[in-house]
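J.: Starting off with a structure, shown below.
Laboratory data are not the source of any read-out in this text; all were calculated from the coordinates shown. Source: prediction; values computed, not measured. Cβ sites come from the backbone with ideal geometry, for glycine too, and all protein chains shown count toward neighbours.
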Amino acid sequence: MKRELLKFLILAILVAILPTLLSGSYLVNVLIFVGIHTMLAVALNLLLGFAGQISLGHAGFFGLGAYASAILTTTYGINPWIAMVAAAVAVSLLAFAIGFPILKLKGHYLAMATLGLGIIFFIVFNEAVELTGGPSGFSGIPNLKIGSITFDNDLKNYGLIWLFTLVTVLLSVNLANSRIGRALRAIHDSEVAARVMGVNARLLKVQIFALSAGISAIAGSLYAHTMGFISPTSFGFNFSIELITMVIIGGLGSIYGSLIGAFILTILPEALRTFQDYDIIIYGIILILMTMFLPGGLVRGIPGLLARLRPADKQEEG
Amino acid sequence: MRTRLITGILSAVLLSVFLGSSLALAAEPIKIGGLFSVTGPASFLGEPERNTAQMVVDEINAAGGIKGRKLQLIAYDTQGDSTKAKQLVNKLIKNDKVVAIVGPSTTGDSMAIIGDVERAGIPLVSCAAGSKITDPVKKWVFKTAQNDGLAVEKIFDYLKKMKISHVAILTVSDGFGSSGREQLKAKAAKYGIKLVVDDTYGPKDTDMTPQLTKIRSSQAQAIICWGTNPGPAVIARNVKQLGIKLPLFMSHGVSSKKFIELAGDAAEGIILPSGRVIVSDVLPQQDKQKKSLISFVKDYQKHYKAEGDHFGGHAWDAIMLLKGAIERGGVTPAGIRDALEKTVNFAGIGGVFTFSRTDHAGLTKDAFVLVQVKNRDWALVK
């Protein structure tokens, strides 16, 4: 437990000092997205890494949160904070209701069902033009406010988003190390065995699905209020895949891994921009190399890789 | 061994990334940002735009630059994703310190970054068509692509002349289609036109027979379809297969040879509003845009071995408008903006632009001509 606390403190200090090193740079803006992506990756990891249930539709929940917030605040003039809570509760309930039938499925079938779910949401964002503004987007979303502070510039938004991100990380680490976390891992390894041990696997899977969707919705709300503009292109199938990649690159079942995965997948395209047209190719190659040589993710993989390197030098293993 | 090699390559790559980003500061050209959706679903817009922008900048530099200073185009790919557009506009403004921005290619991306350019005070010349971009007028935002509303007016004008009053519309459910649908619905009453069927289709649909069957059994005297390739070609074929004899109108979204290739014989007789690029060679000599059009089409052919299209034209106009503004107003963002707003009678590719305090789109419906497909080529409708 002490080690967990130490890790978290180091992260919190890093988060606090980073913007002072980068003040005025566009990188602060990029780090805002790292924060949002971290929330999403951690939420997805709870489901995918711990409970072992895949979701290819998380961009849809993210989008639902963003649109719910946008519509409630801009069209109906509701306070953004209330809208955020309402969005999170509504999306969690929705996920809870959908979760019961969907999470009965396993493996490829679950992947397909969640894929379909994400696509349905995406179509709704596009087609419900009166409500969502359709493909050309929804603009004029107000910034969040606390008293006289309006979160209207990169630095303030950085603080806000990372506060939420840190809370998400802390709660998730706690959850992972609790009885529930162990029960989830038991379901991951063998659902039948977990049931035999008295774990209500079905309910627990649905609950974690709802929690994961709820966190994604909060991330969506934050995204909408910091961007001031949303359009369906940000919530498509590709983004769901990107989230899964973040979780896998970072390491399944590792909360800090998700943070690192989100960081790398958000920063890497920026760093590769100097290669101009070839950036996508290099990006792809790096991802392939990572999954080939670090299949367990970066957090677990790097120590493992180092250990493997030493004997490997002597006997040249394939 | 192998792992060592890979670590070596990886660190070399990373090193060159960091070196590369710090090297760019040496010379002192005028920096112009570009945001184009070169990859992704809107790449058919972004690629010709990026190509054209680079071509025009190179030409300006080859001719000695602007007042002796070279232009530098810093172009990024938004992938048609508004999150990326938002990140990249921040990079252009804060990191690259550009004095003006050209693009983005799509209405969604453009709307996403308006807040940022307004706050930073950097002039933006968008290459997207959505009328929302400049209506209401924003201080720093201009655009070159013709408003959809102008194309709608051009068709309705013609319908009125032909005494057609009952019309079916069939629009694609993406940004282009929904904006067109809005305009069609908004402007119909003014021309005494009744929309008897208002249906949509998905951008990836491969058969529109159900919608067309519905239209056939309605009172419609004409069909207007609003979409970009390949949907409209499917509709043209379906119309022919079903033996529907109603006149078929398309939007400027399909005014490229590609549409005629896709639709084949089914394209014959279809009428659509279009910018002048596709008919540049048959335009009368006195046409104001003829000189710009011919030079653009010829250059594009020379550089990229492909036909210059409207989309490239939007970028051509954007860069040339900026060039004019820099010549007249200097190299500060504010100076460029003020000079842009005073642009009068600039004959570009998309039309003849005249900006003012109340109009940052700058075009009238004369930016469009009506063309008809005849013998697998375009002919002007008189």
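J.: Under a 5 Å amide H to amide H cut-off, with H placed in plane at 1.01 Å, what residues pair with B:Lys31 once short-range neighbours are removed?
T.: Here the answer is B:Gln72, B:Val99, since their amide H atoms fall under 5 Å of that of B:Lys31.
J.: Taking a ≥ b ≥ c as the square roots of the eigenvalues of the Cα gyration tensor of segment B:148-274, is the shape rounded (a/c under 1.5), prolate (a/b larger than b/c) or oblate?
T.: rounded
J.: Using the Karplus curve 6.51 cos²θ - 1.76 cosθ + 1.60 with θ = phi - 60°, work out ³J(HN,Hα) for each residue of segment A:215-225 in order, rounded to whole Hz, and write x for Gly and Pro.
T.: These are the phi-based 3J(HN,Hα) values: 4, 4, 5, 5, 4, x, 4, 4, 4, 4, 6 Hz.
J.: Apply the Karplus parameterisation 6.51 cos²θ - 1.76 cosθ + 1.60, with θ equal to phi minus 60°, to every residue of segment A:119-127 and state each ³J(HN,Hα) to the nearest whole Hz, in sequence, with x for glycine and proline.
T.: The phi angles translate into 5, 4, 4, 4, 5, 4, 4, 6, 8 Hz.
J.: Turning to a different aspect of this structure: By the scheme Lys and Arg +1, Asp and Glu -1, what is the net charge of all other residues having a beta-carbon under 15 Å from that of A:Asn126?
T.: Residues near A:Asn126 contribute -4 overall.
J.: Would you kindly derive the ³J(HN,Hα) couplings of segment A:247-254 from the backbone phi angles with the Karplus curve 6.51 cos²θ - 1.76 cosθ + 1.60 (θ = phi - 60°), listing them in order in whole Hz, with x for Gly and Pro?
T.: 5, 6, 4, x, x, 5, x, 10
J.: With springs only between Cα atoms under 10 Å, which of A:Ala194, A:Ala87, A:Ala128 fluctuates most in a Gaussian network model of chain A?
T.: Highest fluctuation among the options: A:Ala128.
J.: Right, another one. A:Gly253's amide H: which non-local residues (gap 5+, or another chain) put their own amide H closer than 5 Å, with H modeled 1.01 Å from N in plane and none for Pro or chain starts?
T.: Residues meeting the amide H criterion: A:Gly49, A:Phe50.
J.: Please say if segment A:2-278 is rounded, prolate or oblate, where rounded means a/c under 1.5 for a ≥ b ≥ c the square roots of the C-alpha gyration tensor eigenvalues, and otherwise the choice is prolate for a/b larger than b/c and oblate otherwise?
T.: It comes out oblate by the Cα gyration axes.
J.: Within straight cross-link reach of B:Lys86, meaning Cα distance under 28 Å, which lysines are found once same-chain residues fewer than 8 apart are removed?
T.: Qualifying lysines at Cα under 28 Å: A:Lys145, A:Lys156, B:Lys31, B:Lys70, B:Lys94, B:Lys97, B:Lys132, B:Lys138, B:Lys139, B:Lys143, B:Lys204, B:Lys323.
J.: Something else: Counting other beta carbons within 10 Å of each Cβ, put B:Arg337, A:Arg308 in order, fewest first.
T.: So the ranking, lowest neighbour count to highest, is A:Arg308, B:Arg337.
J.: Explain nothing, just the number: dipole magnitude of chain B about its Cα centre with +1 on each Lys and Arg Cβ and -1 on each Asp and Glu Cβ, in debye rounded to the nearest 20.
T.: About 340 debye.
J.: Which aspartates and glutamates have a Cα lying under 18 Å from the Cα of B:Lys67, excluding residues fewer than 8 positions away in the same chain?
T.: Straight-distance partners of B:Lys67: B:Glu28, B:Asp58, B:Glu59, B:Glu327.
J.: Just to be sure I understand: with springs between alpha-carbon atoms less than 10 Å apart, which residue in A:Phe100, A:Phe263, A:Phe50 has the highest mean-square fluctuation in the Gaussian network model of chain A?
T.: Among A:Phe100, A:Phe263, A:Phe50, the largest GNM mean-square fluctuation belongs to A:Phe100.
J.: For chain A, give the magnitude of the charge dipole about the Cα centre (Cβ charges: +1 Lys/Arg, -1 Asp/Glu; no others), in debye to the nearest 20.
T.: Approximately 1180 debye in magnitude.
J.: Another one. Which is farthest toward the positive dipole end of the protein assembly as shown among B:Gly33, B:Ser110, B:Val352, measuring Cα position about the Cα centre, with Cβ charges +1 (Lys, Arg) and -1 (Asp, Glu)?
T.: Ranked along the dipole, the leading option is B:Ser110.
J.: Please report the antiparallel percentage of the DSSP beta bridges confined to chain B, to the nearest 5.
T.: 30 percent
J.: Need the C-alpha centroid separation for segment B:251-295 versus segment A:14-31, integer Å.
T.: 50 Å
J.: Right, another one. Out of A:Thr114, A:Ala88, A:Ala176, whose Cα points farthest toward the positive end of the dipole of segment A:2-278 (charges: +1 Lys, Arg; -1 Asp, Glu; placed on Cβ)?
T.: Value computed over the given set: A:Ala176.
J.: OK, next. Is the protein assembly as shown best put as rounded, prolate or oblate by its Cα gyration tensor, with a ≥ b ≥ c the root eigenvalues, rounded for a/c under 1.5, and otherwise prolate when a/b is larger than b/c, oblate when not?
T.: prolate
J.: Continuing with the same structure: Could you size up the charge dipole of segment B:246-315 around its Cα centre, putting +1 on the beta carbon of Lys and Arg and -1 on that of Asp and Glu, and report it in debye to the nearest 20?
T.: I would put it at about 380 debye.
J.: Provide the packing ranking of B:141-151, B:268-278, i.e. peptides ordered by the mean count of other C-beta atoms within 10 Å per residue, highest first.
T.: B:141-151, B:268-278
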